[in-house]
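The numbers here are math on the coordinates, done by the rules we state, and not lab data. Computed from a predicted model, the values in this text were never measured in an experiment. Virtual Cβ from ideal backbone geometry, glycine too; neighbours counted across all protein chains shown.
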Amino acid sequence: MAALPAFATNVHRSPTSGQVHSHKLTQSKHRARRARGQQAIEPARVTQIQQALIREHYLTAEANGKWDAATIAAMQKYQADNGWQTKLMPDSRALMKLGLGPDYSTAINAKGASFATPSSSSSTPAPQTSGFVVASGVHQ
């Protein structure tokens, strides 16, 4: 068995005939790139967004279901006022703050569940809380 030296490389030479070779691209290579992300908002959803922006005093026009310049400007101002990135499509945080977040009322485990924000007061009994404070070594 003959071994090639470790420093040997393949040498590529150009054709000596002087002919230029061209390759035709197949149709699949010429396909337009598919746009990513949400491209449009359904008119019913636009109406909901417009109604919420009117309620929050960011839009003065009537809700018409069209994602027009006035609606875009109102949504961008709302997002900017909350310190969020302003984009052409609404930010999910903005929609949630407008009260337009996901609807879980039809979820399997939604029966009898409350989706309201929990109260800030603690429901942990005082003796149990004081036990945690003592165990942590932190004294108030």
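Observations on the structure shown:
- Neighbourhood charge, 12 Å Cβ-Cβ cut-off, centred on residue 74 and excluding it, Lys, Arg +1 and Asp, Glu -1: -1
- Residue-count net charge about residue 51 - beta-carbon cut-off 13 Å; Lys, Arg +1, Asp, Glu -1: 0
- Solvent-free Debye scattering, log10 I(q)/I(0), computed from the Cα coordinates of the stretch 40-99 at q = 0.30 Å⁻¹: -1.54
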